[in-house]
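Take a look at the structure set out below.
Bear in mind these aren't lab numbers, they're just calculated from the coordinates by the rules spelled out. Just so it is clear, the model here is predicted, and its values are computed rather than measured. Ideal geometry is used to build each Cβ from the backbone, glycine not excepted, and the neighbour counts take in all protein chains shown.
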Amino acid sequence: MTAATPPVHMEFLPTTSSVPFSRPHKLAASNPQTSWDRLKTLNRSRDPPRNASSVLHRCHRQVVRGGSVPVLVDSDATFNMDVSQLASKITPKTKAIICVHTYHFPVDMEPVLALAKEHGIKVIEDAAEMIGQTCLGRPCGSFGEISTMSFYPNKHITTGEGGMVLCDDPELAERCQQLRNLCFDPKKRRFVHEDLGWNYRMTNLQAALGLGQLLHLDEAVQRKREIGRLYSKLLKGCPGLILPPDDLRSETNIYWVYGVELLPSVPCEADEVMKHLAAAKVGTRPFFWPMHEQPVFLQMGLFKGQSFPVAERIARRGFYIPSGLALKDEEVEEVANRVRKVMEMLLSDGGYPK
Ligand SMILES: Cc1ncc(COP(=O)(O)O)c(C=O)c1O
């Protein structure tokens, strides 16, 4: 018996037969953003990666913390990065393109991969919302030099918190492994550290939950699609709303959320519609807020005077309605009825009383 035996650590290591995880190296972490310090992992540089403006704050946080300056492109109508804007933003200093698949469909990866190859730059992929989704016939999470997935409770698989880093390169995997665990180096004497890391280890309890959840991944994805299609059927023709399409390019919508956008003819913004829906007891969430309008980044002098009209529009005119896996069909019907009533009232001659 030793004085300080560390607990046996059960890894959340999905088998390679779990398609979304079929990459040679995968590391569960208490926070998948470990890999957002992937600029560090990929040899940190101050050179800017490219990313869309309308993604999550957390996707830029580590880039900025690492001392790099992200360069933004606008979003497109699918709520993903507008890849047609990438080429003009690439300079000899560009190191990576960060692709964050958002809400319904993956980023259009074909041009991204072509550009990355042409310019010898890396692709970093955030597949948090697309566990079980495919792109170009490959699983999301298989495109990045480093890819991440989140197992936050609103994802298709949850471990409460945490996620996973996936990559093909064994050296990169080893580097991530060290960064995850305080940069202990198994080849060196214990407690001698060559670099700073974090404690981003996933606990055994979380790993057990994740392995159990994995058994139901296909069912979860199928149910999300059923809910999405049922909403589209029930909300067809609903005044004022742009509904998400069921397919795009060769992909089928995964409906991680059911996101809608207000038509230009709706005279108010999403906030007001969401208030009326709340009064009708329908919970909603707003879309992500653009990076170039984030107070924290503006205070840092980033993105000053920049404008990304699509990201600005969808942030103000988009929202999503309940689509959790626990929803029954009758509840989806009830939500759709209430959404339709609210939109009809809003767009009626009198509208809502002021
Ligand atoms: C695109 C994207 N990335 C990452 C995350 C979550 O990251 P984390 O689990 O580190 O909070 C989310 C969660 O909503 C997400 O939508």
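Among Val335, Val63, the ranking by other beta carbons within 10 Å of each residue's beta carbon, starting with the fewest, stands as Val63, Val335. Listed by chain and number, the aspartates and glutamates whose C-alpha is less than 13 Å from the C-alpha of Lys26, apart from same-chain residues fewer than 8 away, are Glu11, Glu145, Asp168, Asp169, Glu171, Glu174. Placing dummy labels 7 Å off each Cα toward the beta-carbon, the span from Glu110 to Asp271 is 4.1 nm. For the pair segment 181-211 / segment 221-300, the C-alpha centres are spaced 39 Å from each other. Each Lys or Arg adds one and each Asp or Glu subtracts one; over the other residues with Cβ under 11 Å from the Cβ of Asp74, this totals -1. Membrane-span-like helices in the chain (whole DSSP H runs, Cα extent of at least 30 Å along the helix axis, mean Kyte-Doolittle hydropathy of at least -1.0): none found. Structural descriptor for segment 218-346: relative contact order 35 percent, calculated from alpha carbon pairs under 8 angstrom and at least 6 residues apart.
Once both labels are positioned 7 Å from their Cα atoms along Cα-to-Cβ, the gap between Ile242 and Asp169 label points is 3.8 nm. Rounded to the nearest 500, the helix-only mean residue ellipticity at 222 nm of the chain stands at -9000 deg cm²/dmol, with each DSSP H run of n ≥ 4 adding -39,500 (n - 2.57). In summary, the lysines within cross-link reach of Lys275, defined as a Cα separation below 16 angstrom excluding same-chain residues under 8 places away, comprise Lys341, Lys354. Count Lys and Arg as plus one, Asp and Glu as minus one, and take only other residues whose Cβ is under 11 Å from that of Arg316; the net charge is then -4. Taking packing as the residue-averaged number of other Cβ atoms within 10 angstrom, the listed peptides 250-257, 187-194 run from highest to lowest as 250-257, 187-194. Checked against a 18 Å cut-off, the cross-linked pairs Lys155/Lys281; Lys224/Lys281; Lys93/Lys117 give Cα-Cα distances beyond that limit for Lys155/Lys281; Lys224/Lys281. In a simple Cβ point-charge model (Lys, Arg +1; Asp, Glu -1; nothing else charged), segment 19-214 has a dipole of about 760 debye relative to its Cα centre. Taking label points 7 Å from Cα along the Cα-to-Cβ direction, His193 and Ala280 give a separation of 5.4 nm. Each peptide among 117-128, 143-154 gets the average number of other Cβ atoms lying within 10 Å of its residues, and from highest to lowest they stand as 143-154, 117-128.
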